[in-house]
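Okay, so here's the structure we're looking at.
The values are calculated or read from the model by the stated rules, or taken from the named source; none is laboratory data. Just so we're clear, the structure is a prediction, and the values are computed from it rather than from any experiment. Because the Cβ atoms are built from the backbone with ideal geometry, glycine has one as well, and the counts that use them run over all protein chains shown.
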């Protein structure tokens, strides 16, 4: 009887230890995934800011160059704005769904790994 009691006590201790280890594992796993997401977001912000500045300067240079050809500064900037409006329209109509699917697949793969 005492042997059975000891076995039950060991099972209880090991079960408690197992639960604690699992909890630690899930905490570490969550931390890892949160940090991967945070670093990816920071990288996205930095690269996005640099890309944004690049596009701004190239757009300004293109608009001023176009203004020299047209001899009309406002028209050149309007043409540049229309160019970006067309790009936005194409992105929304053509590429948005494909991009959403790719992002969802990559995110779910990373999160559920």
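Odds and ends about this structure:
- Annotation: of all residues in region 57-112 being outside any helix (DSSP H, G or I) and over 27 Å from the mean Cα position of the chain (by Cα), the one that is surrounded by the fewest Cβ atoms within 10 Å (Cβ to Cβ) is 71.
- Close pairs from region 43-62: first closer than 17 Å to residue 87 by Cα, partner surrounded by 10 or more Cβ atoms within 10 Å (Cβ to Cβ), Cβ under 7 Å, at least 6 apart: 59/80; 62/80
- Condition check for residue 51: modelled with pLDDT of 90 or more and in contact with a helix residue (DSSP H, G or I) (Cβ under 6 Å, 6 or more places away or on another chain): no
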